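Written out below as structure tokens is the structure these notes cover.
The values are calculated or read from the model by the stated rules, or taken from the named source; none is laboratory data. Quantities reported herein were computed from a predicted structural model and do not represent experimental measurements. Using ideal geometry, Cβ is built from the backbone for each residue, glycine included, and neighbour counts are taken over all protein chains shown. These area figures cover heavy atoms from the full protein model, side chains too; ligands, DNA and RNA do not enter into them. Shrake-Rupley method; radii C 1.70, N 1.55, O 1.52, S 1.80 Å.
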Amino acid sequence: MQAPLVRTFWLPRDGSAPTACEDAFAVRPGWPFAAAVADGATESAFSGAWARHLVRCFCRELPATPEALQHRLAHWRATWQPDVPATLPWYVAAKLEEGAHAALLGLVVQPDGTWQAVAVGDAVLLHLRGNRLLAAWPIDDPGQFHHRPTLIGSREDSTPPVEGTGGRWTPGDAFVLATDALGAWLLGDDPTLPLRLTTGELARHVTAARRRHALRNDDVAAVVVHCPR
């Protein structure tokens, strides 16, 4: 069976360089297929690097259940080595001591027609069939987003609550994994946009929505997954 087809998308906030983007994504092609997005918290130091580490670890180790993710977090924290300059301003050094923080959403699609997802925080998974949204998880209403989501910390001993879900996919289904600002906008506007637009067209729509204040000016990242027919 052909593996899912994938498109990825990310865009830094207006006024920021691409290297400053704190959202991340990763994909594991083939079967089982895996994809993940993470949203680094702006108020913590090196959160973009932590977000990139989380998505890579997820796709490499496939913790498709809350229990598996909780079990592996200690190892992920221990293996994170951010590229820290030799000298740091005192306020950055203080932030680094507090650790980096990020939201994480991961999806695993199996060739037997099943899928599983795990989440910490407010990234969104959209399950689409044709031009119809079947489900949005773990948030299904743009009014439910807020500025204090649960996050995974790089220095914490405790494990944050991990949510899990799963279901069945049929040939031709699609999934969209999106970080919070993009997910909120898609839920309030049109969840099928990433299926119908090229990467360049989606970037133009996001930029236009930011300028008319319909989409919060924040980094965005998405993975669009087309299941085989």
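Among LEU128, LEU133, which is open to solvent by less than 60 Å² (accessible area, probe 1.4 Å) and in a strand (DSSP E or B)? Please lay out each step first, then the result.
Working: LEU133 fails: open to solvent by less than 60 Å² (accessible area, probe 1.4 Å).
That would be LEU128, the only listed residue that is open to solvent by less than 60 Å² (accessible area, probe 1.4 Å) and in a strand (DSSP E or B).
From ALA68, ALA74, which residue is open to solvent by 40 Å² or more (accessible area, probe 1.4 Å), farther than 30 Å from THR207 by Cα and among the hydrophobic types (A, V, I, L, M, F, W, C)? Don't jump to the end; show me each part of the working.
Working: ALA68 fails: open to solvent by 40 Å² or more (accessible area, probe 1.4 Å).
That would be ALA74, the only listed residue that is open to solvent by 40 Å² or more (accessible area, probe 1.4 Å), farther than 30 Å from THR207 by Cα and among the hydrophobic types (A, V, I, L, M, F, W, C).
Among the residues of the stretch 187-229, which ones are open to solvent by 40 Å² or more (accessible area, probe 1.4 Å), within 22 Å of GLY48 (Cα to Cα) and in a loop (DSSP other than H, G, I, E, B)?
ARG216, ASN217
May I ask you to verify whether TRP10 is touching an Asp or Glu at 6+ places or on another chain (Cβ under 7 Å) and either surrounded by fewer than 13 Cβ atoms within 10 Å (Cβ to Cβ) or aromatic (Phe, Trp, Tyr) (or both)?
On the way: touching an Asp or Glu at 6+ places or on another chain (Cβ under 7 Å): yes; either surrounded by fewer than 13 Cβ atoms within 10 Å (Cβ to Cβ) or aromatic (Phe, Trp, Tyr) (or both): yes.
Criteria met by TRP10.
Show the residue pairs meeting these rules: Cβ distance below 6 Å; 6+ apart or different chains; first residue within the stretch 19-33 and surrounded by 22 or more Cβ atoms within 10 Å (Cβ to Cβ); second residue among the hydroxyl-bearing types (Ser, Thr, Tyr).
GLU22/SER47; ASP23/THR179; PHE25/THR8
What number of residues within the stretch 109-125 are under 16 Å from the mean Cα position of the chain (by Cα) and assigned to a loop (DSSP other than H, G, I, E, B)?
Number of matching residues: 3.
Mind counting the residues in the stretch 22-47 that are out of contact with any His (no Cβ under 9 Å at 6 or more places or on another chain) and either of a type in the set (S, T, N, Q) or farther than 21 Å from VAL176 by Cα (or both)? Full working, then the answer.
At the first step, the residues of the stretch 22-47 found to be out of contact with any His (no Cβ under 9 Å at 6 or more places or on another chain) are 22-23, 25-37, 39, 42, 45-46.
Narrowing further to those that are either of a type in the set (S, T, N, Q) or farther than 21 Å from VAL176 by Cα (or both): 42, 45-46.
Of the residues in the stretch 22-47, 3 are out of contact with any His (no Cβ under 9 Å at 6 or more places or on another chain) and either of a type in the set (S, T, N, Q) or farther than 21 Å from VAL176 by Cα (or both).
What residue, among those in the stretch 155-186 that are within 17 Å of the chain's Cα centre (by Cα) and in a loop (DSSP other than H, G, I, E, B), is modelled with the highest pLDDT?
Among them, the one singled out is THR179.
For the stretch 34-57, enumerate the residues that are within 11 Å of the chain's Cα centre (by Cα) and either crowded, with 24+ Cβ neighbours inside 10 Å or under 23 Å from GLY166 (Cβ atoms) (or both). So that I can check it myself, show each step before the final result.
Filtering the stretch 34-57 down to residues within 11 Å of the chain's Cα centre (by Cα) leaves 35-40, 51-52, 54-55.
Result: ALA35, ALA36, VAL37, ALA38, ASP39, GLY40, ALA51, LEU54, VAL55.
Go through ALA41, ALA26, ALA36 for me and flag whichever is more than 16 Å from VAL108 (Cα to Cα) and aliphatic (A, V, I, L, M). Before you say what the answer is, go through the steps one by one.
Numbers: ALA26 fails: more than 16 Å from VAL108 (Cα to Cα); ALA36 fails: more than 16 Å from VAL108 (Cα to Cα).
Being more than 16 Å from VAL108 (Cα to Cα) and aliphatic (A, V, I, L, M) holds for just one of ALA41, ALA26, ALA36, which is ALA41.
For the stretch 171-186, what are the residues that are charged (D, E, K, R) and open to solvent by 10 Å² or more (accessible area, probe 1.4 Å)?
The first filter runs over the stretch 171-186 and keeps only residues charged (D, E, K, R), leaving 173, 180.
Passing the criteria: only ASP180.
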